[in-house]
Protein chains: 2
Amino acid sequence: MMLGKREVSMAKVSQAGAGKYSHHYPRVAAIVTVHAGGKDNCMTAAWHSSISVNPPLFGVSIAPKRFTLELILEAKEFGVNFMPIEKAELVASVGGISGREGDKFQRWGIEKEKPLKTSVPILKDAYACYECRLVDHKTYGDHVWVVGEILASHFERELFTGEQALNLERVSPALYLGAELYTIPAKDTIRHLDRKVYGKR
Amino acid sequence: MMLGKREVSMAKVSQAGAGKYSHHYPRVAAIVTVHAGGKDNCMTAAWHSSISVNPPLFGVSIAPKRFTLELILEAKEFGVNFMPIEKAELVASVGGISGREGDKFQRWGIEKEKPLKTSVPILKDAYACYECRLVDHKTYGDHVWVVGEILASHFERELFTGEQALNLERVSPALYLGAELYTIPAKDTIRHLDRKVYGKR
């Protein structure tokens, strides 16, 4: 199993500031959804993270000019939809225009499923989704950090293992690499490394 | 090129709450470093994100009991080190014990490089690192959201493309899948999907 060709002895470049720092790591492409004032809207988001187990909280970083942010602050809820690589074109499309220019759901025929606890659109094409109630938003620099409590989750059970990890034989999340590039997690390089065992070495 | 076997027509399970929601997406394994009171410490973190471009801000979610958090609040700075799959054992090791139990750097012979703007340890084995000045910390649920401004970055230039995206032919970041499982981004499935083009479809 060939895992990489990296020479660990290479010298690093050091620079003040961040450079194009957001490209330094791959991250899952998500589509954030919202329903407010009779309208649905959605946007792509690559800057997001789980941030608490109990209560289950999830954060998304959104630029203030985004129409979706305006609607989230109005509706006080949002959805997070994790997308498979088969729908990477949709991710790129949704990220390419603003909902102020027209209804993205109609334009690309995006199919919705019923939410359980909120009114946020659940995307049929997502492999997993959260319904979140807005609990906080805070401006950090040029973005707003939007935090929601996960009130309900939707996922395709057959795409996960018994331990609820992703079964990569069955689903390939779209990983965004920056610079308009997408890939997937490799299926043939999975390693099990138990921290309890390795912490004792 | 086989991208996935997913049937998009599968029915989703819907449930109240989040379940094991943090496993719904892969994320890059990072090692957070700190230097305070003459001590170095480090911990693994999978819950993190870029959150602002200008100023460049980066957030990490850390449990309050973590020794590293105590030291970050004391030092008012921290490092973020992105790890390649070749060092996944080190990621698992660092995640397996607390720095209160002993010096992790000494225990596993972790090599350090010189920081540029702070006193945080830069890991020689990382493929890219940020030096951050703490600008905020806020409790969200059972974790603390720690936000830093990236004052300096270190990376191996030959591992990145001209557009500063990762060159996956040369570096394989360790992706954590949950349940102690790791993989890498696939090299042979990269797609270029320009949002400006797709947004106009």
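Yes or no: B:ILE51 at the interface with another protein chain (Cβ under 10 Å from one of its Cβ atoms) and modelled with pLDDT of 95 or more? Taking the combined requirement at face value, the residue satisfies it.
Yes or no, residue by residue, for (1) aliphatic (A, V, I, L, M); (2) under 21 Å from A:GLY38 (Cβ atoms):
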site	(1), (2)
A:GLU111	no, yes
A:PRO115	no, yes
A:CYS132	no, yes
A:VAL144	yes, no
A:GLU156	no, no
A:THR161	no, no
A:ARG170	no, no
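Cβ-Cβ contacts under 6 Å between residues 6 or more apart (or on different chains), taken from a first residue in region A:94-120 that is under 17 Å from A:ASN81 (Cβ atoms) and without any contact (Cβ under 8 Å) to a residue 60 or more places away in the chain to a second residue that is part of a loop (DSSP other than H, G, I, E, B) and among the aromatic types (Phe, Trp, Tyr), are absent. Residues of region A:53-61 include at least one that is assigned to a loop (DSSP other than H, G, I, E, B) and buried (at least 23 other Cβ atoms within 10 Å of the Cβ). Residue count for region B:162-190, restricted to those that are under 30 Å from A:VAL144 (Cβ atoms) and facing chain A (nearest Cβ under 7 Å): 9.
Residue count for region A:59-80 satisfying the condition of being under 26 Å from A:ALA179 (Cβ atoms), more than 8 Å from chain B (Cβ to nearest Cβ) and touching a residue at least 40 places away in the same chain (Cβ under 8 Å): 6. Considering each residue of region B:112-123 in turn, none proves to be under 28 Å from B:THR183 (Cα atoms) and part of a helix (DSSP H, G or I). Candidates in region B:89-111 are the residues that are surrounded by fewer than 17 Cβ atoms within 10 Å (Cβ to Cβ) and not in a helix (DSSP H, G or I); of these, the one that is farthest from the chain's Cα centre (by Cα) is B:GLY102. Take B:THR139 and decide whether it is more than 7 Å from chain A (Cβ to nearest Cβ) and at pLDDT 95 or above. Considered against the rule, which asks whether it is more than 7 Å from chain A (Cβ to nearest Cβ) and at pLDDT 95 or above, B:THR139 comes out as yes. Checked against the criterion of being out of contact with any Phe, Trp or Tyr (no Cβ under 8 Å at 6 or more places or on another chain) and in a strand (DSSP E or B), the candidates A:LEU177, A:LEU168, A:LEU134 yield just one match: A:LEU177.
Within region B:142-167, can you find the residues that are at pLDDT 95 or above and either of a type in the set (Val, Ile, Thr) or more than 23 Å from A:SER61 (Cα to Cα) (or both)? Result: B:VAL144, B:VAL146, B:VAL147, B:ILE150. Answer with yes or no whether A:LEU151 is among the aliphatic types (A, V, I, L, M), in a loop (DSSP other than H, G, I, E, B) and more than 30 Å from B:SER98 (Cα to Cα). Here the answer is no, as A:LEU151 does not meet what is asked.
The values are calculated or read from the model by the stated rules, or taken from the named source; none is laboratory data. Just so it is clear, the structure is predicted and the values come from calculations on it, not from any experiment. Because the Cβ atoms are built from the backbone with ideal geometry, glycine has one as well, and the counts that use them run over all protein chains shown.
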